[in-house]
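A short write-up of the structure that comes next.
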Amino acid sequence: MILRQAILAAGILANAGCSSQPEDCEVRDLLSEVTSPDSRWSASLYANVCAAGLVTSLSVTAELRPVNSQATGYPGEGVVFGMDDFGPPSRSTLRLHWLNAHTLRIVTPNEAFIGTQLSSYRGVVVTYTYEPDDPLVRQCLKDWLSETSKLNKPLMTWPEAKQRCLNRSHSRPAAIFPSASN
């Protein structure tokens with residue numbers, strides 16, 4: 001029981017690492033960078049390996065900063081999106097795209113373990129699309145993450161929880177899950 005709680009606490013700390021400011025990042029690889037159409041903003045995707053208390057946090061962050069400013073050595077001011085990083089396959093669909101001078105679109109994996117997801121930052125609107133787009137699976141993930149934060153719950157992996165959630169939702173009438181019938 002104590003080991004299970006320690007594993008869950010480490011996972012929660014790692015997920016929280018997406019939105020906290022660690023002391024130091026050992027690695028910050030720039031994955032992509034795009035400049036706004038009016039050349040005022042730079043949007044960057046970084047893969048981060050950072051200290052987060054007693055654990056190392058692997059995350060991907062999308063950060064906004066004025067074009068003339070320097071990037072920092074850790075995810076800090078300007079982080080509009082953060083997710084746990086499970087390697088290249090987990091970030092393969094991540095993309096940044098400026099829709100106009102004041103709107104940034106972030107394309108994110110449908111099953112991303114998201115810690116930070118802002119809708120705006122200093123006058124820039126941030127929108128999100130998911131690839132592939134499956135709202136039912138995203139809700140299952142959100143529910144599972146909420147349940148894993150309760151340390152007295154049985155430990156279940158995400159693939160197990162996803163299958164259980166999808167089986168439950170498919171056995172109920174479509175009226176209960178209107179988004180599943182769209």
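The values are calculated or read from the model by the stated rules, or taken from the named source; none is laboratory data. This is a predicted model, so every value here is computed, not measured. Positions of Cβ are generated from backbone atoms using ideal geometry, with glycine treated the same way; all protein chains shown enter the neighbour counts. Each accessible area value is taken on the protein alone, full model and side chains, heavy atoms only, with ligands, DNA and RNA left out. Shrake-Rupley method; radii C 1.70, N 1.55, O 1.52, S 1.80 Å.
Structure notes:
- Computed FRET value (nearest 0.05) for S169 with S149, which takes r as the C-beta separation and R₀ as 25 Å: 0.70
- Taking a Cβ cut-off of under 15 Å around Y46, the surrounding Lys, Arg, Asp and Glu residues balance to a net charge of -4, with basic ones at +1 and acidic ones at -1.
- Ordering of 128-134, 106-112 by packing is 106-112, 128-134, highest average first (other Cβ atoms within 10 Å, averaged per residue).
- Taking a ≥ b ≥ c as the square roots of the eigenvalues of the Cα gyration tensor, an a/c ratio of 1.5 or more together with a/b no larger than b/c marks the stretch 33-182 as oblate.
- Heavy-atom accessible area per residue - the stretch 39-175, 1.4 Å, Å²: 52
- The accessible surface of the stretch 52-168, taken with every protein chain in place and a 1.4 Å probe, is 55 percent carbon and sulfur.
- Shape category assigned to the stretch 103-165 from the gyration tensor of Cα positions, a/c cut at 1.5: oblate
- Heavy-atom SASA rank of V55, V137, V67 (probe 1.4 Å, accessible area, largest first): V67, V55, V137
- Full-extension gain in nm, S69 to S119, via 0.36 nm per residue minus C-alpha separation: 15.8 nm
- Ordering M83, M156 by accessible surface, largest first, gives M156, M83; the 1.4 Å probe counts only protein heavy atoms, with every chain in place.
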